[in-house]
2 protein chains.
Amino acid sequence: MHNLRSNLINNNKAKIILVVLDGVGGIPNNVKTELEYAKTPNLDKLAIKSETGCHIPIIHGLTPGSGSAHLSLFGYDPMEFDIGRGVLEALGLDLEIGKNDLAIRGNFATVKEGDNGKLIVTNRRAGRIDTKTNERLTKKLSAKIKKINKYKIIFKSGIDHRFVVKIICPNKIDDTNCFIQDTDPQAEGLEPLLAKNLNSKAKALSGIVVKLISSIEAVLKDEKKANFALFRGYSTFPGVPTFQELYGIKAASITTYPMYKGIGRLVGMSPLKVNVNSIHSQVSALEKNIDKYDFFYLHIKKTDSYGEDGKFKEKVKVIEEFDKVLPKIKKLNFDVLAITGDHSTPSKMKGHSWHPVPVIIKSHNSFEGISKRFTEKECLKGNMGIFEGKYLLNLIFAHGQMLNKFGA
Amino acid sequence: MHNLRSNLINNNKAKIILVVLDGVGGIPNNVKTELEYAKTPNLDKLAIKSETGCHIPIIHGLTPGSGSAHLSLFGYDPMEFDIGRGVLEALGLDLEIGKNDLAIRGNFATVKEGDNGKLIVTNRRAGRIDTKTNERLTKKLSAKIKKINKYKIIFKSGIDHRFVVKIICPNKIDDTNCFIQDTDPQAEGLEPLLAKNLNSKAKALSGIVVKLISSIEAVLKDEKKANFALFRGYSTFPGVPTFQELYGIKAASITTYPMYKGIGRLVGMSPLKVNVNSIHSQVSALEKNIDKYDFFYLHIKKTDSYGEDGKFKEKVKVIEEFDKVLPKIKKLNFDVLAITGDHSTPSKMKGHSWHPVPVIIKSHNSFEGISKRFTEKECLKGNMGIFEGKYLLNLIFAHGQMLNKFGA
């Protein structure tokens, strides 16, 4: 798909913005969805002048992780490119991942010894310790654990209880070398799982990870809350071709969460500095850098966070907050203004879902006048229909008249 | 796709007509699209008795050339079959293309010597010289240039400034041997490009083409307008299986433009003689030959031409003209009557686009009663939904009850 687009690209320097309201799609909770309940006069005005439709992030019925959903929005087939959570987290924390590197997503956790002498996870997030404590702990770990055999170990603190481990191997590794079992049992009251290798090629690295876990346990043994670490998302350099390589497009990301900065960086987007964690501050960053890039990816996180927590009204408020800044974005006169979510996170379900996500695209070439609002039901009527998310970038480029004709 | 259909075919000699209103789809231009603006009482009556939907010619966001879009309508995967413009033009001009042949689409053009002594294209179409002048010029070229080394050269005049060159090679060639740069610089005031080979396998043919261009320049040097030729669309025999081979169906085309006759012939359709370039004359040809074929492809060109020229009202008139002859087609009692476009050509955009194209299919098996008109918005509601154009032939055959069950 990206090769096809790459062959047809005619980079006319159209100005494009893709706004991703994370997890914005919902299902009716007491009659209305979050988007239907929200008062969004500016989005309404835009929707009626836009081409509309809904995307399904992967294929019908599949609920995506944030990484896959975003890759799809960025035009990569999520079935072809599978990027581990570890790599996404690492990139988001400014930790470069090269061809020798294994990235692991870690959670500080609380364990206690069970009646049988075995460890039991009592809190998978160490009671969501704060970022400062996290920084103290990773510093401590970094001081004590530098190498295991010939493998160099790097710790990097993230937000709250999350951190990343990068293992620099003596040689180049690939996906097959990282096929190691997650140790997070995904529920409390259970034993941590073993970091066993899930195929024979992952044996060496699995051995290192097992030793690493013991070392971490020894360093943290006197901590009250964070006395253990759970691992998941073992992954290595995925080698995704960038927007610059594929299309000659200079792209920037405007995000407030590490993972999204990470996935932007993976496809070659320069992260813009956002001063405060607020939508306003993100739009200011956009305004300041408007002349420096062709393609902007603006990511708004809180719609998803509140959806995950089942907070319907708070999710509505984030949508309304975005609606208030929308006129500022419209004023920048993008050639293509696209707004969607990466997936649905219905607050009724308290989690990601597979439901189609509304999309609007405003350009000079929009088939306008079909949908009256940016809501699931209104966008379903639109002439983009329901389509796989990986086609969104085709449509965005088409609206920017950046693709040559296919075939004679 | 065509193999699947070929395996399931049950040729019951159903009478089928596929009407292609070239580029009929539009986007709202001042509220309405061309189809919405047109007064089409007969199409309206038909639409409400038909199954409806919209097709996208290739995939979401890709704008097709006419050749690819038609291949898709004829049931071939346009990603698999890529037919060069040269071959399409040649076939349309009754020039057979075999396995040893290279077909090139030529434009007579005007060049002058620039200040630096290099040629500059001052008119890419030689001021759109008339067809008679074109015939005189190709006759002159045919008399003077018969062979270059062991390669035989055939010229054939087309409409206005267009002509075709067929190079008969000493041996069989394939796509890789035709990978030569177009010489049309696509804008006036620029130098003609060189016909250089774009891969090593095209070196021999590129050398012949370069010599051919010099010879043409020498023959035309005293012409005032048409003193040069620009080349594009180098292509060879694509080897598409025909309707007869795949389905045992006798098919006919009713077209007024060479290229569409050409693409019909490629899939095995016999071109019917049309006396005058008018929709009426096309329908007369249909009436005359109704007993001789099972499948008719009726192509109406002007909807696209006016769309390309940005002439909204003229495009509307062609639609209305077709509406007036529709009762004559209905009177012929086809088992399946399908009407669509090959792609959209919104007059607002003055060019082909990627927007979905309305489709109606009338048969005894139609899910009727959903769409009130043959317009983009009304057909979007239909039960065929939005589908890739390559599936249209499945639906047409299905309505004719010509496909056996798939699977047990």
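The values are calculated or read from the model by the stated rules, or taken from the named source; none is laboratory data. Here the structure is a predicted model, which is why all the values come from computation and not from measurement. Counting neighbours? That spans all protein chains shown, and the Cβs are built from the backbone with ideal geometry, glycine included.
Values as computed for the structure displayed
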| read-out | value |
| --- | --- |
| Residue list for the stretch B:283-316, restricted to those being assigned to a strand (DSSP E or B) and either over 15 Å from B:K261 (Cα atoms) or among the aliphatic types (A, V, I, L, M) (or both) | B:L298, B:I300 |
| Among the candidates A:G53, A:G67, residue that is outside the structural domain of A:C178 (by TED's automatic domain parsing), buried (at least 22 other Cβ atoms within 10 Å of the Cβ), in contact with a Cys (Cβ under 9 Å, 6 or more places away or on another chain) and not in a loop (DSSP other than H, G, I, E, B) | A:G53 |
| Some residue of the stretch A:145-159 being buried (at least 19 other Cβ atoms within 10 Å of the Cβ) and modelled with pLDDT under 95 | yes |
| Output for the stretch B:371-387, where each listed residue is part of a loop (DSSP other than H, G, I, E, B) and touching an Asp or Glu at 6+ places or on another chain (Cβ under 8 Å) | B:S371, B:K372, B:R373, B:F374, B:T375, B:G382, B:N383, B:M384 |
| Scope the stretch A:189-225; condition in contact (Cβ under 8 Å) with a residue 60 or more places away in the chain, in a loop (DSSP other than H, G, I, E, B) and surrounded by 22 or more Cβ atoms within 10 Å (Cβ to Cβ); matching residues | A:P192 |
| Hey, B:A408 modelled with pLDDT under 95 and away from chain A (no Cβ under 13 Å) or not | yes |
| Some residue of the stretch B:75-91 being more than 14 Å from chain A (Cβ to nearest Cβ) and surrounded by fewer than 17 Cβ atoms within 10 Å (Cβ to Cβ) | no |
| Top-ranked residue in the stretch B:25-45 [being outside any loop (DSSP other than H, G, I, E, B) and more than 14 Å from every other protein chain (Cβ to nearest Cβ); ranked as surrounded by the most Cβ atoms within 10 Å (Cβ to Cβ)] | B:L43 |
| Pair list, Cβ under 6 Å, 6 or more apart: the stretch A:174-188 residue hydroxyl-bearing (S, T, Y), other residue crowded, with 20+ Cβ neighbours inside 10 Å and part of a loop (DSSP other than H, G, I, E, B) | A:T183/A:P192; A:T183/A:A195 |
| Residues of the stretch B:374-401 that turn out to be away from chain A (no Cβ under 14 Å), surrounded by 22 or more Cβ atoms within 10 Å (Cβ to Cβ) and not aromatic (F, W, Y), as a count | 5 |
| Qualifying position, being modelled with pLDDT of 95 or more and hydroxyl-bearing (S, T, Y), among B:S235, B:S253 | B:S253 |
| Subset of the stretch B:92-106 (residues that are at pLDDT 90 or above and either assigned to a loop (DSSP other than H, G, I, E, B) or surrounded by fewer than 24 Cβ atoms within 10 Å (Cβ to Cβ) (or both)) | B:N100, B:D101 |
| Pick from the stretch B:327-364, criterion surrounded by fewer than 21 Cβ atoms within 10 Å (Cβ to Cβ) and aliphatic (A, V, I, L, M), ranking: farthest from the other protein chains (Cβ to nearest Cβ) | B:L332 |
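This table checks each residue for (1) aliphatic (A, V, I, L, M); (2) modelled with pLDDT of 95 or more; (3) surrounded by fewer than 23 Cβ atoms within 10 Å (Cβ to Cβ).
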residue	(1), (2), (3)
A:K261	no, no, no
A:M269	yes, yes, no
A:V276	yes, no, yes
A:H280	no, yes, yes
A:N289	no, yes, yes
A:Y293	no, yes, yes
A:F296	no, yes, no
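Conditions tested, residue by residue: (1) in the same structural domain as B:K302 (by TED's automatic domain parsing); (2) out of contact with any Lys or Arg (no Cβ under 7 Å at 6 or more places or on another chain); (3) on the phi > 0 side of the Ramachandran plot.
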position	(1), (2), (3)
B:D222	no, yes, no
B:A229	no, yes, no
B:R265	yes, yes, no
B:G268	yes, yes, yes
